[in-house]
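Q: Below is a structure I'd like to ask you about.
The values are calculated or read from the model by the stated rules, or taken from the named source; none is laboratory data. Note that the structure is predicted; figures quoted are calculated from it, not measured. Cβ placement follows ideal geometry from the backbone for every residue including glycine, while neighbour counts extend to all protein chains displayed.
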Amino acid sequence: MHTDARTLDDGRLIDGDLCIVGAGAAGISMALDWADRSERVILLEGGGFEVSSEMQALYENANSGREYYPLESARLHFFGGTTGHWGGLCTPFDPIDFAERDWVPHSGWPIGREDLAPYYRDAAGVLRLPSPNWDPNYWANRRSGAPLAVDEDRWRTKMWQWSGGAGPPVRFGSDYRTEIEQADNIHLFTHANVCNIVANESGSRVEELTVRHFNGDEQTVRAPHIVLACGAVQNARLMLASNDQVPVGLGNEHDQVGRHFMEHVEIDSARLVVPEAQSLPFYQLSSDDGQSSPAWGLLQPTRHVQEKRKTLNGAVRFNREAVKSNDAFTFDDFPEDARKILAFIEKSDAESDSTGANRSFPELTRFQLNTRMEQAPDPASRVTLSEETDALGVPRADLHWTLSEQDKRSIRVINEAVGQELGRIGLGRVQLMRWLRADDASWPDFLTGGWHHMGTLRMAERPENGVVDENCRVHGVDNLYVASSAVFSTGSCANPTLTIVALSLRLSDHLKGIVG
Amino acid sequence: MDRRQFLELGGTSALALPLAGSIAWIEPTDEQRPLARPDMLTRVGDHGLTRRLGRRYRRVFPEENDTATLTGILRRSAAGEEGPDLSTKLTARVRRDFAEGRTLNLDGWVLARTEARQCGLFSVLHS
């Protein structure tokens, strides 16, 4: 069922057995997993069913770090969250992403890839992926082309799939609204912005949440188990701003909340020149008719190479040269109005062709190599609170995003290694782009990110090193959990949504064990 | 072609014009011809690219900055490879360089050491 919280009386109490704050990919996946059970689930969404300027403005932020996209348009504050304008690319994290790597400071999760394996399969269903199979050999029989004959000790073809296959990706708001509204035990409240998490005196247990409206009215929400399912920036902001009982912010006794903010570096890095025009259909994103295949390969160094060359985890894609890889949404020209991005996405959805496989791909003599990579976790890359408050009286986020010398060096080393491998198999020669040849920490103005916000409430075994434990429970707070890319300890080169959903389903199982 | 490539090519052309009359083109011997012909690079680029990379190589490795030294090293490199002719042997050696990590970066190009030397020899002969 659904209630617009603006219609509720001031001071009204809302209660349930489980409360999920945020109705994006994480929150909706979790709520659906509880549908038709006996427990009453409260799902709180700050926005409504449509994007509005008033709600988007709540996400405006200060920026004291590197230039970055405006958060009021890079994130969507409505039912369905940022899946309203996401591209739909999915791939799981790699085992190395979870490992402690002595060449990557602050790496290592308290869980491994095997802990997520069953949930990745379920998440593939939620996201309507063409298949839960990620083996390139499986895809070699189901789409154009074949993987390159690379040295398997050094390289692998990592597969990406599109949510929704060759059609539009799953948009949680429109695709799952009916299911949520019709579930008897799920009570969705829209326009229910949580502005404060009220804990007990010691800060060890959440007592209630405060929902606030623009007219000053408030409601109180109580549930024995609370899940924060907003994005990485907003989750951290809410915990830092919830400082009535713990002045440094809830769960922040060890000054970890907001730290280790991460993005995916996505950047043109080199070009491949081949002697005769050819296509690399297994690796090319766009076919002759501008459409995409349901799955797509990138070249990725194996753990052996990453360890030997001390690189971060990255992968290289093959683009048509001179075509910008991210549809011109650089930091410089990213629209501040989220509706402009939505219009672009809606047009793209409408034009997508769901017929899928076996397309023909352009034959080229030059390919633009584009690297997508995790960044090294850095505690100085962080979200703090700004002096300024939003229209609901909550301090705005101050984003201080950093990149390191190791990030750039890794891209250089990976691309040099790609050049070596493609030279070894006789495909062609690789030339690094000019910006990458400089042995310094500078970045060109065409640097882009994936609009992927990760870290800020990272998972760690000990509270000195992170905010949540292996079950996504906030260290030191008995009944507060996080379902979000905020818990990522490292970022992988994988787009985050599949892992967000997988982690949410895993947390859901954990909570069922407690509640049941 | 993007702006950078355009400028790169435009710059090369502009530079080539006044130099064109001054390029000394020494006819290589039959043996030198494959030694000074990096197969893949001549297929993906032109003589200008090969010469430019060769000059760069000789600047980075001044101890190899003469015909005799480069010819000798390349001849020895090819000797360890199998193949019906020198050109095939050098191609095999180039691939083995890539496989075994004997590569270098010249003007951003990731090259096998052997093909970089071939560029070097080409640039000496066609200086």
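Q: In region A:407-446, what count of residues is obtained for those that are away from chain B (no Cβ under 14 Å), under 30 Å from residue A:237 (Cβ atoms) and surrounded by fewer than 18 Cβ atoms within 10 Å (Cβ to Cβ)?
A: The qualifying residues number 2.
Q: Please specify each residue of region A:384-404 satisfying the condition of being charged (D, E, K, R) and surrounded by 17 or more Cβ atoms within 10 Å (Cβ to Cβ).
A: Correct list: A:390, A:396, A:398.
Q: Related question: With the structure loaded, tell me whether residue B:99 is assigned to a helix (DSSP H, G or I), without any contact (Cβ under 8 Å) to a residue 40 or more places away in the chain and not hydroxyl-bearing (Ser, Thr, Tyr) or whether it fails that test.
A: yes
Q: On to the next question. Can you give me the ranges of the strands (runs of 3 or more DSSP E) entirely in region A:193-303 with at least 1 residues that are within 14 Å of chain B (Cβ to nearest Cβ) and surrounded by fewer than 22 Cβ atoms within 10 Å (Cβ to Cβ)?
A: A:265-278
Q: So, one more: Just to verify a result, which residue in region A:152-178, among those that are touching a residue at least 24 places away in the same chain (Cβ under 8 Å) and hydroxyl-bearing (Ser, Thr, Tyr), is nearest to residue A:125 (Cα to Cα)?
A: A:163
Q: Against the definition (modelled with pLDDT of 95 or more and more than 22 Å from the chain's Cα centre (by Cα)), how does residue A:33 come out, yes or no?
A: No, not satisfied.
Q: Go through (1) within 14 Å of chain B (Cβ to nearest Cβ); (2) touching a residue at least 60 places away in the same chain (Cβ under 8 Å); (3) surrounded by fewer than 23 Cβ atoms within 10 Å (Cβ to Cβ) and name the single condition residue A:463 misses.
A: (1)
Q: Oh, and also: Look through B:51, B:117 and report the one residue that is more than 10 Å from chain A (Cβ to nearest Cβ), in contact with a helix residue (DSSP H, G or I) (Cβ under 6 Å, 6 or more places away or on another chain), surrounded by 23 or more Cβ atoms within 10 Å (Cβ to Cβ) and farther than 18 Å from residue A:425 by Cβ.
A: So the residue among B:51, B:117 that is more than 10 Å from chain A (Cβ to nearest Cβ), in contact with a helix residue (DSSP H, G or I) (Cβ under 6 Å, 6 or more places away or on another chain), surrounded by 23 or more Cβ atoms within 10 Å (Cβ to Cβ) and farther than 18 Å from residue A:425 by Cβ is B:117.
Q: Go through (1) surrounded by fewer than 17 Cβ atoms within 10 Å (Cβ to Cβ); (2) within 14 Å of chain A (Cβ to nearest Cβ) for residue B:75 and report which single condition fails.
A: The one condition residue B:75 does not meet is (2).
Q: Output the number of the condition that residue A:455 fails; it satisfies all remaining conditions of (1) facing another protein chain (nearest Cβ under 10 Å); (2) on the phi > 0 side of the Ramachandran plot.
A: Answer for residue A:455: the failing condition is (1).
Q: Specify the residue that is nearest to residue A:149 (Cα to Cα); the eligible residues are those in region A:397-429 that are without any contact (Cβ under 8 Å) to a residue 60 or more places away in the chain and in contact with a Phe, Trp or Tyr (Cβ under 8 Å, 6 or more places away or on another chain).
A: A:423
Q: Identify the residue in region A:41-80 that is in a helix (DSSP H, G or I) and small (Gly, Ala, Ser) and, among all such residues, is surrounded by the fewest Cβ atoms within 10 Å (Cβ to Cβ).
A: Applying the filter and picking the extreme gives A:53.
Q: Here's a follow-up. Are any of the residues in region A:66-77 aromatic (Phe, Trp, Tyr), within 29 Å of residue A:315 (Cα to Cα) and at pLDDT 95 or above?
A: The answer is no, given that none of the residues of region A:66-77 is aromatic (Phe, Trp, Tyr), within 29 Å of residue A:315 (Cα to Cα) and at pLDDT 95 or above.
Q: A follow-up question, please. Would you confirm whether or not region A:316-338 contains a residue that is modelled with pLDDT of 95 or more, buried (at least 23 other Cβ atoms within 10 Å of the Cβ) and closer than 30 Å to residue A:486 by Cα?
A: yes
Q: For region A:3-28, which residues satisfy the criterion of being in a strand (DSSP E or B), closer than 27 Å to residue A:170 by Cβ and more than 27 Å from the chain's Cα centre (by Cα)?
A: A:3, A:4
Q: Ok, one more. Output the residues belonging to region B:90-102 that are in contact with a helix residue (DSSP H, G or I) (Cβ under 6 Å, 6 or more places away or on another chain) and surrounded by fewer than 20 Cβ atoms within 10 Å (Cβ to Cβ).
A: Of everything in region B:90-102, those that are in contact with a helix residue (DSSP H, G or I) (Cβ under 6 Å, 6 or more places away or on another chain) and surrounded by fewer than 20 Cβ atoms within 10 Å (Cβ to Cβ) turn out to be B:95, B:99, B:102.
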